[in-house]
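The values are calculated or read from the model by the stated rules, or taken from the named source; none is laboratory data. These figures come from a predicted structure and were not determined experimentally. A quick note on method: Cβ atoms are made from the backbone with ideal geometry, for glycine too, and the neighbour counts reach across all protein chains shown. Remember, those area values only see protein heavy atoms, side chains included, never the ligands or the DNA or RNA. Shrake-Rupley method; radii C 1.70, N 1.55, O 1.52, S 1.80 Å.
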Amino acid sequence: MTRHLLRDDDLSPAEQAEILDLAVSLKKDRWKLKPLEGPQTVAVIFDKSSTRTRVSFAVGIADLGGSPLIISTANSQLGGKETPSDTARVLERQVAAIVWRTYAQAGLEEMARGTTVPVINALSDDFHPCQLLADLLTIREHKGELKGLTLTFFGDGTSNMGHSYVLAGVTAGMHVRVASPEAYAPRADVVADAERIAATTGGSVTLYTDPDEAAAGADVMVTDTWVSMGKEEEKSARLRDLGPYKVTTETMGHAASDAIFIHCLPADRGYEVDAEVIDGPQSVVWDEAENRLHAQKALLVWLLRQQ
Ligand code: CP
Ligand code: NVA
């Protein structure tokens, strides 16, 4: 059966670890594997803006011997005249895999149901699983084993990043804390799914409203934009509501003394994080951005091996 990555818990703990191991080896030897030599094409579709995802998939597919076909939905029939499933049936006759950045998770699910090639979620409103593979790789590089580490996410727990940290973090056996106002807590069904996974991995998920309490002793400090793509109309309410959850040097002072700071980028300095933190010595955001390349190459290799 074709495997897809639509949300973080599509990978079991063992599969997630296997992909991260492969990413480490591909980072050491960038041109080691060429599963797409021929070359085969991978479609990379964008309904929303992107820098990191666009570049890392294009470069990664080329590294693997393949040819990236970058499609902007604005210039295609998808999203206008054609459904995700009809688009998938057209693409599968010509490409090895489909990568899609979109709004609704339901569209990705429809795309995956309609095709025999792997579909990868390159960010939806609900999840950003490719980012999490890169983030876990980065945390592993800086902290060693993931299991047992405490990661605190500050801000919009309802966002794709909030949900993905909850699911992917517990899959890795981490203790995930989310610090947000109650109205911005992660979706209850996502937390319930994470709790089920945590029971098998030794991880945990805990929701906080007090940011300092959530920061206490954390190994990894994380935030994301307060205004995700598609939420622009809520900007002023979000800046007001999420203000107390900004990551400052004072917040970092509550974490473990050797804590690292990560952020998927792009960042709004002065809003969700102060420049002193994101540009300071505990920040590893540039390693994190580079690791999108290595993690996604590993993901593509792994998914194609399951075909
Ligand atoms: N982190 C991330 O997905 O960045 P882009 O929006 O630039 O792809
Ligand atoms: N939560 C952000 C992530 C950007 C990579 C957004 O959806 O805009």
**OP:** Positive end of the charge dipole of the range 252-307 (Lys, Arg +1 and Asp, Glu -1 on Cβ, about the Cα centre): tell me which of Tyr271, Ala256, His294 has its Cα farthest that way.
**Re:** His294
Original post:
When ligands, DNA and RNA are left out and all protein chains stay put, how many square angstrom of accessible area per residue does the range 1-141 have with a 1.4 Å probe?
Top reply: 42 Å²
**OP:** Report the charge-dipole magnitude of the chain in Debye, nearest 20, computed about the Cα centre from +1 at each Lys and Arg Cβ and -1 at each Asp and Glu Cβ.
**Re:** 1180 debye
Subject >> Cα gyration tensor category, rounded, prolate or oblate, for the range 41-91 with a/c compared to 1.5 >> reply: oblate
Subject >> Whole-number D in µm² s⁻¹ for the range 131-288, Kirkwood Cα-pair radius fed into Stokes-Einstein, 37 °C, 0.692 mPa s >> reply: 216 µm²/s
Subject >> From the C-alpha gyration tensor of the range 184-270, square roots of 5λ in Å >> reply: 23, 20, 12
Subject >> Translational diffusion of the chain, µm² s⁻¹ [Kirkwood Rh, Cα pairs; Stokes-Einstein; 4 °C; 1.567 mPa s] >> reply: 67 µm²/s
Original post:
So what is the calculated 222 nm ellipticity per residue for the chain, using -39500 (n - 2.57) for each DSSP H run with n of 4 or more, over all residues, to the nearest 500 deg cm²/dmol?
Top reply: -13000 deg cm²/dmol
Original post:
Which GluC sites (Glu not before Pro) does the range 10-49 hold that lie in a coil by DSSP with at most 11 other beta carbons within 10 Å?
Top reply: Glu37
Original post:
Using the Cβ atoms and a cut-off under 14 Å, what net charge is assigned to the surroundings of Ala216, where Lys and Arg are +1 and Asp and Glu are -1?
Top reply: -4
Subject >> Sparsely packed trypsin sites (Lys or Arg not before Pro) within the range 164-260, loop by DSSP, other Cβ within 10 Å at most 15 >> reply: Arg187
**OP:** Mind grabbing the base-10 log of I(q)/I(0) for the range 221-279 at q = 0.16, 0.22, 0.24, 0.28 Å⁻¹? Debye formula, identical points on the C-alpha positions, no solvent, two decimal places.
**Re:** -0.49, -0.85, -0.98, -1.22
Subject >> Kirkwood Rh in Å, taken over all unlike Cα pairs in the range 268-307 >> reply: 12.2 Å
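Here is the link list: Lys231/Lys297; Lys48/Lys231; Lys48/Lys143; Lys34/Lys147. Which ones come out longer than 21 Å on Cα distance?
Working: Lys231/Lys297 30 Å; Lys48/Lys231 12 Å; Lys48/Lys143 33 Å; Lys34/Lys147 31 Å.
Beyond 21 Å: Lys231/Lys297; Lys48/Lys143; Lys34/Lys147.
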